[in-house]
Ligand code: BMA
């Protein structure tokens, strides 16, 4: 059975039929990893530094000449029945862009800054009680969590391409859990509770028919990282397909950032080899990028040293002038960013479309 399946999957890829299940996408990611590092950008086609909601636009396209290979979107607010996510992106537009990115041969990753189930405050609000246990089996809010997951399942199921296939996505729920800022993070629940949350989410969505997901696990930068620390929240091999890390630059010292990146990626690489998982730099960036050569001189050399599937830069926020992570027309980083995107090792959307 397994043999027939992998034969069919290989056939689908060879004949240029779009990958539609999570395992198809995983195979595609594995193939692409051998070619280079995919470039990704959060909320790329919905807003940029100086525009919002225009269709067909992208700061990456307008500076580097192509769409990113990976586009990231966030579901925060979907669980509350909102029409727009926490950053103002209408969910129907998001679905349209997910399908459009898939149709042009690109790949999608989805994060979820879910609101706090105990009080509907945002992800960063830390209540006195334990929000995670309240939604796990036995918790008072467990039925509410199932309803949230039903909304996520319905959202994903509605992202269908022209042939009617559900678009496969890299889903990265409950990210940055090793930090102390989210209601699912290290200061809000135990690592065992966290693992249960991830496992429950995986099981529930799989039972509801979500077979289009590559499941991603991504802690954040730690002061001291080692395999044991990284694995503290790991839900288990059967629940995870890709492992990553979120690392940002916070000071003008590029070397500190590079050292942090290398320290983390050394660990992620070791874990990836041991657990046989793909690895990625699931979020990174430097707010407003004050160094005009940051992309080729600081980020690129490190990214090239590791067998990572992709690097995702965070959003060029329309609603917060501080949060600009990639170049945009008129910015001093444009020339360097273009060079970064043109590097042979960096894969943009056109570079990956043949492997659909
Ligand atoms: C954070 C910040 C917030 C944003 C959230 C979800 O890292 O960018 O401004 O609301 O991600 O996109």
- Note on the structure: Relative contact order in percent for the range 18-146 (Cα pairs under 8 Å, 6+ apart) equals 17 percent
- Per-q log10 I(q)/I(0), the chain, q = 0.11 Å⁻¹ (Debye; single scatterer per alpha-carbon; no solvent): -0.71
- For the chain, modelled as a GNM with alpha-carbon contacts under 10 angstrom, which of 52, 338, 224 fluctuates the most? 224
- Item | GNM top mover of 231, 71, 177 - the chain, alpha-carbon springs below 10 Å | 231
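Give the shape of the range 261-356 as rounded, prolate or oblate, defined through the alpha-carbon gyration tensor: a ≥ b ≥ c are the square roots of its eigenvalues, a/c under 1.5 means rounded, and otherwise the shape is prolate if a/b is larger than b/c and oblate if not. Don't skip to the end; give the middle numbers.
On the way: a/c = 1.88, a/b = 1.53, b/c = 1.23.
Verdict is prolate for the range 261-356.
Which value at 222 nm does the chain reach when only helices count, each DSSP H run of 4 or more adding -39,500 (n - 2.57), with the total divided by all residues and rounded to the nearest 500 deg cm²/dmol? Intermediate values should be presented prior to the final figure.
On the way: 12 runs with 128 residues, N = 356.
Estimated from H runs of four or more residues: -11000 deg cm²/dmol.
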- Message: Compute a Gaussian network model of the chain, connecting alpha carbons closer than 10 Å, and tell me which residue from 302, 289, 46 fluctuates the most.
- Response: 302
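If you average the sequence gap of Cα pairs under 8 Å that are 6 or more apart and divide by the length of the range 48-90, what percent do you get for the contact order? If you can, show how the numbers build up before the last one.
Values: 21 pairs, mean separation 8.3, N = 43.
The normalised contact order for the range 48-90 reaches 19 percent.
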- Quote to one decimal, in nm, the extra length available between residue 52 and residue 96 on full extension: 0.36 nm per residue of separation minus the C-alpha distance between them. 14.3 nm
- Item | Distance between the range 296-311 and the range 200-279 - C-alpha centres, whole angstrom | 16 Å
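Given contacts defined as C-alpha pairs under 8 Å and at least six residues apart, what's the relative contact order of the chain, whole-number percent?
Values: 697 pairs, mean separation 87.6, N = 356.
25 percent.
Quick note: the coordinates plus some simple rules give every number you see, no bench work behind them. Nothing here was measured: the structure is a model prediction, and the numbers come from that model.
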